[in-house]
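K.L.:
What follows is a single structure, and I will ask about it in a moment.
The values are calculated or read from the model by the stated rules, or taken from the named source; none is laboratory data. These numbers come from a predicted model, not from an experiment. Neighbour counts run over all protein chains shown; Cβ positions are idealised from the backbone, glycine included.
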């Protein structure tokens, strides 16, 4: 009885691995231990990586915070940490590719790095993942994007759905940013509402308006792994994953 | 250049935003609305449960004017008066005491029976399902005060009666007496549907007069109006806790009104009949006298003149004679009436006995109505009753009126008769050929004719009265008998619920409105941006507990992020100054307590966290607070440095536990501040600091209070003007505007302190409220108070 019911449901469901086929590369996570608010140890790091492998991910581009005064990471520090994690992956014989970039906080320090060419970008397009404060709008963000656009880097705004000060009527501020040529990366967990109802609604709205270019987990802790399984069942996300608009796969080669 | 597009932009979007803001302002207090709506819903429920339903019965009767066969046809006169006088009069009759008196008596309305309901213990009236019949008889006329008995049915034979706190056991059917007041009897009904043993009732005997007054007040009698035209129908309505009681009362009122009408008519027609009968006796005697005179004369004088007479009556004087006969008939009737009026006192006057004057007939009818009313009062009301006194006054005045009219009529008729006689004489003079004997004969015979005409006339009237007496019926008929919809007129469920709900919405709205009227503080960033023309640099969010220390850089609370944003925004704002040059930032505010020292200390710390070399200058000489944030205070400060030329800058620099941040304290509080700020030593100090540090942060005194703040202006690259949310009055913003407009500072920005982000406006758009602002990796929501916690409400109204 239960088995037959189960089979009915599983027929209508698309399996996780099929969905992950459309992602393959996670490009937002905090898996380098001890250098930001992400994983605390190499063990936690490996636990999460194993889960990624289990779901069918082929590559991880992990992105520690660079935020002056709070997480004073440098390209040097990040590269060193990446080596440690890579060694562990090798020693455990795990079948996944890992790279490191950073999630840059948009302040003057970032502009300094940009002008000095000290940026850890990823992909052929020189993608650089950037973030704002969740709390308050920065006054000159348009100028910052203007500055970036004059360089060879292609900015990706991390989790645009999480900035409450952009929750205006038609998301006009986010649209304006999009028009400036900034790509958008959706946090997969947003669709579950774990960042709040507002973030969930905006996420759905952005998906509906085809404004999402990348998806990422932004995973910080092993205890958030369960969210990853849950969010793959969401119909908005399923639609997005099957739409073919996502650029995640292009990061594979 | 910049202002124009800004202006038009604002104008376009402002209205849209304002409606939303106003709505949000109220919606934010939704728990208050919830509480009030719950309270008022419970209120409405209790109100409906405990209020006694009131029913209304209505009925209508039609006054038929045409049917007043016995009376003179008044319709022409009513038209003259313009109103429907008859209907209005009848409305008075319907509500008149004699009619209501009968109703009270028929239905025992003075007896009220109540009992308590089983669960809700509310007192309800019992009317048509009383298990017993009550009989009561007042011994000494009306009682003065209500008599209250408590009844408990013991068994089918006996009941216990409690009166004046004493209980007696009585058998049903036996009358008991309250001396000098009332005899009273309860008869248990037979075939009661259920057991009545143990049931308790309260029986109240109310004074008849009070009951009457109450009934008169509560009985509503109105002229029916249909499509703005007054009709001849009268609507009656009454409210009662019991539908059947209301219906019974209405039906009884109508019945008694009819009875009353019929009775009056009977009295009048009987009186008229008697009067005519009486007159007929006289007239017939007189007539036979005249007839015998005529006979005698004819025999004595041997006049036989039928031919002559017929000739004479056929000639020209014929019409005159006819008129004369008529006039004499009228005169006789007037005399009859006058005689009647003089002999009887306050009795019914005969009607319809052939008076040609319509006015008098109307007056007589009115007079009769009053007399009838008085007769009915006699039985129930004493002569000293003001209403009766007024009534007897109007009776006698009307009587005088009629008498005067009759006298007038008599004089007129007398003159008419005289004139006609004179004319007749002249005519007869022309006929003087007629022998004397015949003339005498004619006189006698005319007398005989007059009497005969009167006699015949009265005979005819008598028959008319006799016939109409048999066929007396009321002048009204029932259009619809008493009817009640069965739905209480009060309380009206829907209306009550609506009223309570509306109150539940209006009261919290008023509370919030009043609170907002009393509230003159600034609350959030967007409000500040709206109110002030000065650019706002950033805002610092409010913490649950007031912070009084330097924040750690890896603190995960929103306030830390506020400072991070403040530093970022500051850096962008100062990006026109090259990195290698030192930047001086002064913090001031309108009044004390807005958080200058807190923000300057933490701003300095966060700049230091970003690897800048920072010095914090405490220049609030009046109320220095820096020592709260930095514990290890050295003895020497700015004032020492200025006074003592031997001191080096190192002597006043204090390293803090934050790497890269040094602090300079104000030093001893100097008596004359202006000297300090003008001094060359200050300049030298500033110059030295500029060489050593990337940022110089000056914590100064409130600008509203102290003038030395302004003398620091030349050193300053940017002034941050601190405005504390929920603290600074909106009107006080003018002070900052003045400073801004004077343009003394190279750069002037507002910083909002202690903004309560949970109350801020963003996130209210289409996407709900901002769900927590935890740290980057964590999305655990901020702890929320539950709605039943005191702190929740304290928070809501803070």
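K.L.:
With the requirement that a residue be buried (at least 18 other Cβ atoms within 10 Å of the Cβ) and either assigned by TED's automatic domain parsing to the domain that holds residue B:46 or assigned to a loop (DSSP other than H, G, I, E, B) (or both), what does region B:454-490 give you?
P.N.:
Matches in region B:454-490: B:474, B:475, B:488.
K.L.:
May I pose another question? Select, from A:85, A:25, A:39, the only residue that is in contact (Cβ under 8 Å) with a residue 24 or more places away in the chain, farther than 30 Å from residue B:574 by Cα and within 15 Å of the chain's Cα centre (by Cα). Full working, then the answer.
P.N.:
Values: A:85 fails: within 15 Å of the chain's Cα centre (by Cα); A:39 fails: within 15 Å of the chain's Cα centre (by Cα).
Going through A:85, A:25, A:39 in turn, just one is in contact (Cβ under 8 Å) with a residue 24 or more places away in the chain, farther than 30 Å from residue B:574 by Cα and within 15 Å of the chain's Cα centre (by Cα): A:25.
K.L.:
Return yes or no: is residue A:189 more than 14 Å from chain B (Cβ to nearest Cβ), under 22 Å from residue A:37 (Cβ atoms), touching a helix residue (DSSP H, G or I) at 6+ places or on another chain (Cβ under 6 Å) and crowded, with 23+ Cβ neighbours inside 10 Å?
P.N.:
Taking the combined requirement at face value, the residue does not satisfy it.
K.L.:
Now for a separate question. Given the options B:579, B:554, name the one that is closer than 19 Å to residue B:657 by Cβ, in a loop (DSSP other than H, G, I, E, B) and in the same structural domain as residue B:664 (by TED's automatic domain parsing).
P.N.:
Result of the check over B:579, B:554: B:554.
K.L.:
Let me ask something additional. Say we look at region B:541-556 and pick out the residues that are crowded, with 19+ Cβ neighbours inside 10 Å and under 52 Å from the mean Cα position of the chain (by Cα); which of these is nearest to the other protein chains (Cβ to nearest Cβ)?
P.N.:
Per the stated criteria, the residue is B:541.
K.L.:
Next up: Could you identify the single residue in B:253, B:196 that is touching a residue at least 24 places away in the same chain (Cβ under 8 Å) and buried (at least 21 other Cβ atoms within 10 Å of the Cβ)? Break it down into steps so the answer makes sense when it comes.
P.N.:
Values: B:196 fails: buried (at least 21 other Cβ atoms within 10 Å of the Cβ).
Just one listed residue meets the conditions, B:253.
K.L.:
Can you tell me which residue is surrounded by the fewest Cβ atoms within 10 Å (Cβ to Cβ) among those in region B:144-162 that are touching a strand residue (DSSP E or B) at 6+ places or on another chain (Cβ under 7 Å) and more than 19 Å from residue B:188 (Cβ to Cβ)? Steps first, answer last, please.
P.N.:
Going residue by residue through region B:144-162, those that are touching a strand residue (DSSP E or B) at 6+ places or on another chain (Cβ under 7 Å) are B:146-154, B:156-162.
Still in the running and more than 19 Å from residue B:188 (Cβ to Cβ): B:146-148.
Details: B:146: 13, B:147: 18, B:148: 15.
Top of the filtered list is B:146.
K.L.:
Next question. Quick one: which of A:202, A:215, A:207 is under 25 Å from residue A:32 (Cβ atoms) and outside any loop (DSSP other than H, G, I, E, B)? Write out each step before concluding.
P.N.:
On the way: A:202 fails: under 25 Å from residue A:32 (Cβ atoms); A:207 fails: under 25 Å from residue A:32 (Cβ atoms).
Result: A:215 is the single residue among A:202, A:215, A:207 that is under 25 Å from residue A:32 (Cβ atoms) and outside any loop (DSSP other than H, G, I, E, B).
K.L.:
Out of region A:65-85, which residues are within 14 Å of another protein chain (Cβ to nearest Cβ) and either modelled with pLDDT of 95 or more or not in a loop (DSSP other than H, G, I, E, B) (or both)?
P.N.:
Correct list: A:65, A:66, A:67, A:71.
K.L.:
Just give me the residues in region B:557-576 being in a loop (DSSP other than H, G, I, E, B) and surrounded by 15 or more Cβ atoms within 10 Å (Cβ to Cβ), in sequence order.
P.N.:
Result: B:557, B:574.
K.L.:
Right, here's the next one. Going by the structure shown, is residue A:139 modelled with pLDDT under 95 and either in a loop (DSSP other than H, G, I, E, B) or touching a strand residue (DSSP E or B) at 6+ places or on another chain (Cβ under 9 Å) (or both)?
P.N.:
Yes: the conditions hold for residue A:139.
K.L.:
Follow-up question, since we're still on this one. Can you name the number of the only condition in (1) touching a strand residue (DSSP E or B) at 6+ places or on another chain (Cβ under 9 Å); (2) in contact (Cβ under 8 Å) with a residue 12 or more places away in the chain; (3) more than 18 Å from residue A:245 (Cβ to Cβ) that residue A:127 fails?
P.N.:
(3)
K.L.:
Got at least one residue in region B:629-643 being touching a helix residue (DSSP H, G or I) at 6+ places or on another chain (Cβ under 8 Å) and under 23 Å from residue B:755 (Cβ atoms)?
P.N.:
The answer is yes, given that some residue of region B:629-643 is touching a helix residue (DSSP H, G or I) at 6+ places or on another chain (Cβ under 8 Å) and under 23 Å from residue B:755 (Cβ atoms).
Residue-by-condition table, conditions (1) crowded, with 24+ Cβ neighbours inside 10 Å; (2) closer than 23 Å to residue B:562 by Cβ:
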{"position": "A:131", "(1), (2)": "yes, yes"}
{"position": "A:147", "(1), (2)": "no, no"}
{"position": "A:153", "(1), (2)": "no, no"}
{"position": "A:156", "(1), (2)": "yes, no"}
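K.L.:
Have a look at B:260, B:232 and point out the one that is touching a helix residue (DSSP H, G or I) at 6+ places or on another chain (Cβ under 8 Å) and outside any strand (DSSP E or B). It would help to see each step written out before you state the result.
P.N.:
Values: B:232 fails: outside any strand (DSSP E or B).
Testing whether each residue is touching a helix residue (DSSP H, G or I) at 6+ places or on another chain (Cβ under 8 Å) and outside any strand (DSSP E or B) leaves just B:260.
K.L.:
Residue check: is residue A:194 outside any helix (DSSP H, G or I), within 14 Å of another protein chain (Cβ to nearest Cβ) and under 18 Å from residue A:29 (Cα atoms)?
P.N.:
yes
K.L.:
Within region B:604-623, is even one residue surrounded by 14 or more Cβ atoms within 10 Å (Cβ to Cβ), part of a helix (DSSP H, G or I) and away from chain A (no Cβ under 14 Å)?
P.N.:
No, because not a single residue in region B:604-623 is surrounded by 14 or more Cβ atoms within 10 Å (Cβ to Cβ), part of a helix (DSSP H, G or I) and away from chain A (no Cβ under 14 Å).
K.L.:
What helices (runs of 4 or more DSSP H) lie completely within region B:32-136 and have 2 or more residues being modelled with pLDDT of 85 or more?
P.N.:
B:85-94, B:97-107
K.L.:
Give me the residue from region A:86-103 that is touching a strand residue (DSSP E or B) at 6+ places or on another chain (Cβ under 8 Å) and more than 14 Å from chain B (Cβ to nearest Cβ) and, out of that set, farthest from residue B:605 (Cα to Cα).
P.N.:
Looking at residues that are touching a strand residue (DSSP E or B) at 6+ places or on another chain (Cβ under 8 Å) and more than 14 Å from chain B (Cβ to nearest Cβ), I get A:96.
K.L.:
Do we find a residue being farther than 19 Å from residue A:63 by Cα and either within 14 Å of chain B (Cβ to nearest Cβ) or touching a helix residue (DSSP H, G or I) at 6+ places or on another chain (Cβ under 7 Å) (or both) anywhere in region A:152-162?
P.N.:
No, there is no match, as no residue in region A:152-162 is farther than 19 Å from residue A:63 by Cα and either within 14 Å of chain B (Cβ to nearest Cβ) or touching a helix residue (DSSP H, G or I) at 6+ places or on another chain (Cβ under 7 Å) (or both).
K.L.:
Additional query: Within region B:561-582, track down each residue that is in contact with a helix residue (DSSP H, G or I) (Cβ under 8 Å, 6 or more places away or on another chain) and either facing chain A (nearest Cβ under 9 Å) or within 21 Å of residue A:106 (Cα to Cα) (or both).
P.N.:
Correct list: B:563, B:564, B:566, B:567, B:568, B:570, B:571, B:572, B:575.
K.L.:
Give all pairs with beta carbons closer than 6 Å in which a residue from region B:726-753 that is farther than 28 Å from residue B:575 by Cβ meets a residue that is assigned to a strand (DSSP E or B); count only pairs at least 6 apart in sequence or on separate chains.
P.N.:
Listed pairs, sorted by first residue: B:726/B:521.
K.L.:
Restricting to region B:738-758, name every residue that is within 12 Å of chain A (Cβ to nearest Cβ) and surrounded by fewer than 20 Cβ atoms within 10 Å (Cβ to Cβ).
P.N.:
B:758
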